[in-house]
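Here's the structure, in structure tokens; my notes come after.
The values are calculated or read from the model by the stated rules, or taken from the named source; none is laboratory data. In this text the structure is predicted, and so the values were computed from the model without any measurement. As a convention, Cβ positions derive from the backbone with ideal geometry for all residues, glycine included, and neighbour counts pool all protein chains shown. Please note that ligands, DNA and RNA were not included when accessible areas were found on the heavy atoms of the full protein model with its side chains. Shrake-Rupley method; radii C 1.70, N 1.55, O 1.52, S 1.80 Å.
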Amino acid sequence: MADNALCGGRVLLLAAVEDELGGAAAALRGRCDVVFTGVGKLRAFETTLAALARHDYAAVVNVGTCGSLTHPAGTVLYPSVVWQGGLYLDSVFASAPEYPDSGAEGVSLVSVDSFISPATPRAELDVLARYDCFEMEGYAILRAVRFHAAMRGAEPLPVRMIKGVSDNVDGSIEDWFVKLERVRPALVAAAERTLSELGA
């Protein structure tokens, strides 16, 4: 694959699972390196580090679905601040947020440890309602990019995040595959625009 135009290097596009991009994954591979991390923070961290070790990239784009208690399904969000959820949110163990290099001002994302559904405890939902959206990989991807740069004594790569709201905590993981159809076209279109902005 030829290098992209941005700074003479490649763009790495990360998504959790191929279903989030569908048939568009093949076309996107003509413009960037597409890697699927798998679901969850640990897999996302490890897969991101492995991908960064294989090539010198100019930028990273994270595309994926999210849930939201604030925005309707089908909305595409560009987080500018990303928090680690679970034990590390709203407790004495809270960790500092991570910041993509660009995003919509004030749009917040929380990376949680499990699928959020109607069965999620009310207290946890009340905490998540303070944020724009939640998913399971974004925070780990940002940390992996920062960690990789620190190990090399370099500046972190620019990271852009694109999240499409697939549900409003109104179904199960099985329902997610159906609801994904509603948001995928807008999510892919946003990814294509972002790649164009990066020169890919």
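Structure notes:
- In this structure, A58 does not qualify as touching a helix residue (DSSP H, G or I) at 6+ places or on another chain (Cβ under 7 Å), free of Cβ contacts under 8 Å to residues at least 12 places away in the same chain and not charged (D, E, K, R).
- Within segment 134-149, residues that are at negative phi reach partners that are in a helix (DSSP H, G or I) and surrounded by 24 or more Cβ atoms within 10 Å (Cβ to Cβ) with beta carbons closer than 6 Å, at six or more positions or on different chains, in the pairs E137/A44; A140/A44; I141/A44; I141/T48; A144/T48.
- Condition check for I162: under 17 Å from the mean Cα position of the chain (by Cα), assigned to a strand (DSSP E or B) and not aromatic (F, W, Y): yes
- Counting only residues that are β-branched (V, I, T), surrounded by fewer than 22 Cβ atoms within 10 Å (Cβ to Cβ) and at pLDDT 95 or above, segment 76-110 holds 3 of them.
- Meets criteria (within 21 Å of D113 (Cβ to Cβ) and either touching a Gly at 6+ places or on another chain (Cβ under 8 Å) or surrounded by fewer than 17 Cβ atoms within 10 Å (Cβ to Cβ) (or both)) for T47: yes
- Selection from segment 183-200 of residues that are part of a helix (DSSP H, G or I), of a type outside the set (D, E) and surrounded by fewer than 16 Cβ atoms within 10 Å (Cβ to Cβ): P185, A186, A189, R193, S196
- Residue, surrounded by the fewest Cβ atoms within 10 Å (Cβ to Cβ), within segment 50-69, restricted to residues that are of a type in the set (S, T, N, Q) and either in a strand (DSSP E or B) or modelled with pLDDT under 95 (or both): T65
- Per this entry, D126 is not counted among residues that are farther than 29 Å from D101 by Cβ, assigned to a loop (DSSP other than H, G, I, E, B), open to solvent by 60 Å² or more (accessible area, probe 1.4 Å) and not hydrophobic (A, V, I, L, M, F, W, C).
- Subset of segment 158-174 (residues that are among the aliphatic types (A, V, I, L, M) and under 17 Å from V60 (Cα atoms)): V159, M161, I162
- Some residue of segment 135-147 being touching a Pro at 6+ places or on another chain (Cβ under 7 Å), surrounded by 16 or more Cβ atoms within 10 Å (Cβ to Cβ) and part of a strand (DSSP E or B): no
- Residues (within 20 Å of G103 (Cα to Cα) and touching a residue at least 24 places away in the same chain (Cβ under 8 Å)) located in segment 150-174: L157, P158, V159, R160, M161, I162, K163, G164, V165, S166
- As a summary of the residue check, I116 satisfies the conditions (1) open to solvent by less than 20 Å² (accessible area, probe 1.4 Å); (2) part of a loop (DSSP other than H, G, I, E, B); (3) under 30 Å from R152 (Cβ atoms) except for the one numbered (3).
- Listed by first and then second residue, the pairs linking a residue in segment 175-200 that is within 18 Å of A59 (Cα to Cα) to a residue that is in a helix (DSSP H, G or I) and at pLDDT below 90, with Cβ atoms under 7 Å apart and 6 or more places separating them unless they lie on different chains, are L198/L6; G199/L6; A200/L6.
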